[in-house]
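The values are calculated or read from the model by the stated rules, or taken from the named source; none is laboratory data. Just so we're clear, the structure is a prediction, and the values are computed from it rather than from any experiment. Virtual Cβ from ideal backbone geometry, glycine too; neighbours counted across all protein chains shown. Surface areas here come from the heavy atoms of the whole protein model, side chains and all, with no ligands, DNA or RNA. Shrake-Rupley method; radii C 1.70, N 1.55, O 1.52, S 1.80 Å.
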Amino acid sequence: MKDDSASYYDSKEFTELLASYENMLSDGGSVYFDSMDIANIAEYYSMNGELDKSDTAIEYGLRLHPSDADILISKANNLLRRGLKEEARVLTESISDPDNQELLYLKGEIELAFDRPDDADAYFMQAVQLSDDDPGMLNDIIVKYMDNRNYDLCQKWLDMALVLSPDSRNFIELQADLFFDTGQADTAIEWYNHLLDEFAYDTYYWDQLGRIYYEKNDYAKARECFEFIEAIEPDDKSSRMMKASCIFNMEDWKGAFDIYKALLDDDPSSYTLLYYCARCLYEMEQYEEAYDKFMDTLAMLMLDEDVPVEMYVELYYYLADTSRRTGRAEQAERHLREGLALDPDDEDLNKLAQTILPQNL
């Protein structure tokens, strides 16, 4: 999912407001700001992950406007962002402003945080009604439900949004994303293609399509999608990586190796790229070079504490087999035993053991 919507926070009006506030802090003075302006400044900092700066703006705002609902809502938002959902709920309940749509929306967010989607839905419905079906609020609710994997409620709100704005690119995109997220691949393809009919150079839609085809094992079509992205944005490394994965799965080992090698030259610290270079060399029966690269991969893996055991097991298989194929029996046995020590039941290692360790079987 992406967000192309123009934001108030990008406007000249807000930029000047923020500069005025920050100049005041630098000068150590005191300047009067409207309560909504302070609330917007606080929200801007919060959206950018600068919660301490947001708190400072809120406390300054409350000195100017004690008990102001909009500023208190910003404070409750910060509590929720910090995971303090109970404290956020207590604060929202203390705010006396029953017709404040932002307050009702926040109460809905808090109920979602407590995993009460139906209660959240009631608050969201009230908020939207007060907003006169504001498309921005509808978008936020749909995204919230999608992020929380409340897909049925997400579809309910998308149905409403598409009735109100049937030609909205944003809502059509969200519907395509929902089909994508819920595994309705063929329908998602139709919706992304519909978007591409009008927005042919939007790489997000090509990427989504490519990933769907990749999951369907249709590597030829997936490759085409990533090649479109490459044509539009030649420096997009993610699409080149996915293109290489398609080619690899199509068993074009030389083609895949050339891409992986070029990417590795740009990012020599990537053990993933190094591993796939080694795999391509292995498939091309260039076992000596493959072994060296597998060993380099192993050295890099050991610098990362988060590497799953499964990757080590797979790597030891290839180290053992390349050693066997290059006539290094003692080395092959050592790597095999290292792999079996991690996973004695691995099918590939046990099959290889029948060749390397026949006397022990």
For this session: Pairs only if they're at least six apart or on different chains, beta carbon under 9 angstrom, first in the stretch 125-140 and over 13 Å from Leu162 (Cα atoms), second among the basic types (Lys, Arg) and not in a loop (DSSP other than H, G, I, E, B); list them, first residue then second.
Result: Gln126/Lys107; Ala127/Lys107
For this session: Note down all Cβ pairs under 9 Å where the first residue falls in the stretch 150-177 and is of a type in the set (Lys, Arg), the second is surrounded by fewer than 22 Cβ atoms within 10 Å (Cβ to Cβ), and they're at least six residues apart or on different chains.
Result: Lys156/Asp121; Arg169/Asp4; Arg169/Leu195; Arg169/Glu198; Arg169/Phe199
Exercise. Does Arg337 satisfy being open to solvent by 70 Å² or more (accessible area, probe 1.4 Å) and either under 37 Å from the mean Cα position of the chain (by Cα) or free of Cβ contacts under 8 Å to residues at least 60 places away in the same chain (or both)?
Worked result: yes
Exercise. Within the stretch 293-309, which residues are among the charged types (D, E, K, R) and either surrounded by 15 or more Cβ atoms within 10 Å (Cβ to Cβ) or touching a residue at least 12 places away in the same chain (Cβ under 8 Å) (or both)?
Worked result: Lys293, Asp296, Asp304
Problem set entry | Which numbered condition Gly183 fails, given (1) at negative phi; (2) open to solvent by 30 Å² or more (accessible area, probe 1.4 Å) | (1)
Exercise. Inside the stretch 194-286, counting only helices (runs of 4 or more DSSP H) that do not spill past its ends, which hold 3 or more residues that are charged (D, E, K, R)?
Worked result: 203-215, 219-232, 237-249, 253-266
Problem set entry | Selection from the stretch 233-281 of residues that are of a type in the set (Val, Ile, Thr) and open to solvent by 20 Å² or more (accessible area, probe 1.4 Å) | Ile259, Thr272
Problem set entry | Selection within the stretch 25-49 - of a type in the set (Asp, Glu) and either under 18 Å from Glu87 (Cα atoms) or surrounded by 13 or more Cβ atoms within 10 Å (Cβ to Cβ) (or both) | Asp34, Asp37, Glu43
Exercise. Got at least one residue in the stretch 327-338 being closer than 30 Å to Tyr213 by Cβ and not aliphatic (A, V, I, L, M)?
Worked result: no
Exercise. Here are Tyr201, Tyr192: which of them is out of contact with any His (no Cβ under 9 Å at 6 or more places or on another chain) and buried (at least 16 other Cβ atoms within 10 Å of the Cβ)?
Worked result: Tyr192
Problem set entry | Criterion: at pLDDT 95 or above, acidic (Asp, Glu) and more than 22 Å from Asp140 (Cβ to Cβ) - qualifying residue of Asp177, Asp207 | Asp207
For this session: Inspect the stretch 50-72 for any residue being polar (S, T, N, Q), modelled with pLDDT of 95 or more, open to solvent by 70 Å² or more (accessible area, probe 1.4 Å) and more than 28 Å from the chain's Cα centre (by Cα) and give the result as yes or no.
Result: yes
